[in-house]
Amino acid sequence: MSLTALRYFNEVIRAGSIREAADRLHIAPSALSRQMRNLEVTFGLPLFERHARGVVPTSAGELYARYARAALLDEERINSEIDDLKGLRRGHVRICSVEGVVANGLTHAIATFRKRFQGVSISLEITGTESVITAVRDGDADIGVAFTSSPEADIHRTMRLKDPLFAIMIAGYPAARQRRLSLSDTLQYPVAVPRKHFGIRTLLDTRCRTAQLTLNPTLETNSIEALRGFARSGCGITYLPRLTVKREIEAGQVVAVPLTDRELQQATVDVCVLKGRTLPMATAGFLNHLHATLPTLR
DNA sequence: CTAGTCAGTGCAACACCTTT
DNA sequence: AAAGGTGTTGCACTGACTAG
């Protein structure tokens, strides 16, 4: 089984369409179709169900997809280790993270790591918690940094840091006089929240359900920066971990009032990788660095 | 070096299905 | 019914490899 066939197969699974996968691979659909047919002949059973709007993996296809992903990740690791043997100290680390951890956490970790290992390049993708987990699972990211992620069978949490949610607002805001606030208290004011599929939003929604509260946000956004801006401008209250607004607090632009709701106090920042995967040296090195750096930034 | 073989690919055309 | 999107098939081409 050639690595090319594995790559092709992997791309078809990801695209859910032979034509779309062929586009991404810059080959003709006919070539890809034949490669997939050859794989099926080799295995002696179909790997896809063909439909008018694409292909869906059969159970054999899903099984093979797991193998293909693992094999391709292994290939990457081996390439990286060979680079190390050559003494090149090269490598590439792909990180997928929630936005809140980036400004005051990840960028510092990346900068200090790059000072020591200049041959290692890093790519950073910003998205919501659910997409972070998906990226790690699909092999699109080596390391995921999520906010209060749910346990997943194929995801290994390498570090979990407590990072409670606070009510964030300007110092002169009426609610800022309180030493502590419940979520219910804050809902008397205009609030800004992240969109669904963000870890913070999931926590807020869960708390609203258990406390039978109704969330009517003034602003709903997929940008943590927009939430910070909402609080900074005195428009109302938003909910973020302290680390996310560390600089604004230190500059006196906003205050962080502790929230009394237990669910919101138990929020965490999670660093995760694909379970059972042997990480390339550059990735393992950055992961260790991240474990050492993140807790010191709080 | 040459000729043959083979795997992989692209183009054009086709059938099938969904959407308008 | 027409248009558009899908996967598949036949044919031809290319490049790598091998035997003579």
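Things to note:
- Test: residue in the range A:181-198 that is in a strand (DSSP E or B) and under 30 Å from A:Ala15 (Cα atoms): yes
- Helices (runs of 4 or more DSSP H) completely within the range A:1-50 that count 2 or more residues being farther than 18 Å from A:Gly139 by Cβ, more than 8 Å from DNA strand C (Cβ to nearest atom) and more than 27 Å from the chain's Cα centre (by Cα): A:29-43
- Check on A:Gly252, closer than 14 Å to A:Ile168 by Cα, at pLDDT below 90 and of a type in the set (Gly, Ala, Ser): yes
This table checks each residue for (1) buried (at least 20 other Cβ atoms within 10 Å of the Cβ); (2) within 21 Å of A:Thr107 (Cα to Cα); (3) touching a Cys at 6+ places or on another chain (Cβ under 6 Å); (4) hydrophobic (A, V, I, L, M, F, W, C).
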{"site": "A:Lys196", "(1), (2), (3), (4)": "no, no, no, no"}
{"site": "A:Leu203", "(1), (2), (3), (4)": "yes, no, no, yes"}
{"site": "A:Ala211", "(1), (2), (3), (4)": "no, no, no, yes"}
{"site": "A:Asn216", "(1), (2), (3), (4)": "no, no, no, no"}
{"site": "A:Glu225", "(1), (2), (3), (4)": "no, yes, no, no"}
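The values are calculated or read from the model by the stated rules, or taken from the named source; none is laboratory data. The model shown is predicted, which means the values in this text are computed figures rather than measured ones. Backbone-built Cβ (ideal geometry, glycine too); neighbour counts: all protein chains shown.
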